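Let me begin by presenting the structure, written as structure tokens, before commenting on it.
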């Protein structure tokens, strides 16, 4: 697989587009793979910014309709609120993800959420793609595995992708987020997927891992840390090399 056949895909709407320069600054310092920027509803300014730095694609979301609270039901809503609150404003963005993946122009794609801080060269991540879909296990719940969809490596034509999009369209009233739906369909459909080492999707709620290649600043507190402090890459570089200027 040549470099032209591989690439990185990120996508955003206007709410989180402020992360684009931060993500790009970290990624482009040590990586050369082409990047495709997916438009989930960016501002014109962000759209022009993306077009100046990589490939650009407008993602069609005409078939995605998020269920209202009545269809979800009060019992399920109460259960979700116990586990994650507030969440209502984020769900629409989460379920757009499979449509972004389907729009990737690359034969092999590394999908990253924009709250992922790239700490160094990450092209070796493709070595872990043996089937057609590779992602990190969060935990096992009996026979089921809960996966995190923040970093995913996949091949064009993966059989997981259309089912993932179908679940997002038809069953989003049953799942808090897209990764819950993805985990369920992998289990029910018995898809063969590869396990991504956690150094490529290190959840910062676990604390710092200096060996991690990608730090994932999940949830609201993670975005706030990025906004206030700009992540950790430069701070770590300065601590390891005291003479370095940021």
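A short reminder: the numbers here are calculations on the coordinates, not readings from a lab. Nothing here was measured: the structure is a model prediction, and the numbers come from that model. Note: ideal-geometry Cβ built from the backbone for every residue, glycine included; neighbour counts use all protein chains shown.
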Legend entry - Most fluctuating residue given options 98, 124, 21, as computed from a GNM of the chain linking Cα atoms under 10 Å: 124
Inset, instruction - Rounded to the nearest Å, what's the spacing between the alpha carbon centres of region 105-152 and region 184-215? Just the number, please. - result: 6 Å
Inset, instruction - Can you tell me the 0 to 90 degree angle between the C-alpha axis of helix 219-229 and the longest principal axis of the chain, rounded to 10? - result: 20 degrees
Inset, instruction - With everything on Cα atoms, drop me the angle between helix 20-30 and the longest principal axis of the chain, reported from 0 to 90° to the nearest 10. - result: 50 degrees
Inset, instruction - Name the residue, out of 190, 96, 213, whose mean-square fluctuation peaks in a Gaussian network model built on the chain with Cα pairs under 10 Å. - result: 190
Inset, instruction - Please identify, among 231, 41, 25, the residue showing maximal mean-square fluctuation in a Gaussian network model of the chain using a 10 angstrom Cα cutoff. - result: 25
Inset, instruction - State whether the chain is rounded, prolate or oblate according to the following rule on the C-alpha gyration tensor (a ≥ b ≥ c being the square roots of its eigenvalues): a/c under 1.5 gives rounded; otherwise a/b larger than b/c gives prolate, and the remaining case gives oblate. - result: rounded
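Grab the DSSP H runs of the chain that are 4 residues or longer, score each as -39,500 (n - 2.57), total them, divide by all residues and round the 222 nm result to the nearest 500 deg cm²/dmol. Provide the component values of the computation, followed by the final result.
On the way: 10 runs with 88 residues, N = 246.
Calculated from helices alone, the mean residue ellipticity at 222 nm is -10000 deg cm²/dmol.
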Inset, instruction - With a 10 Å radius around each residue's Cβ, average the other Cβ atoms per peptide and rank 142-151, 173-182, highest first. - result: 173-182, 142-151
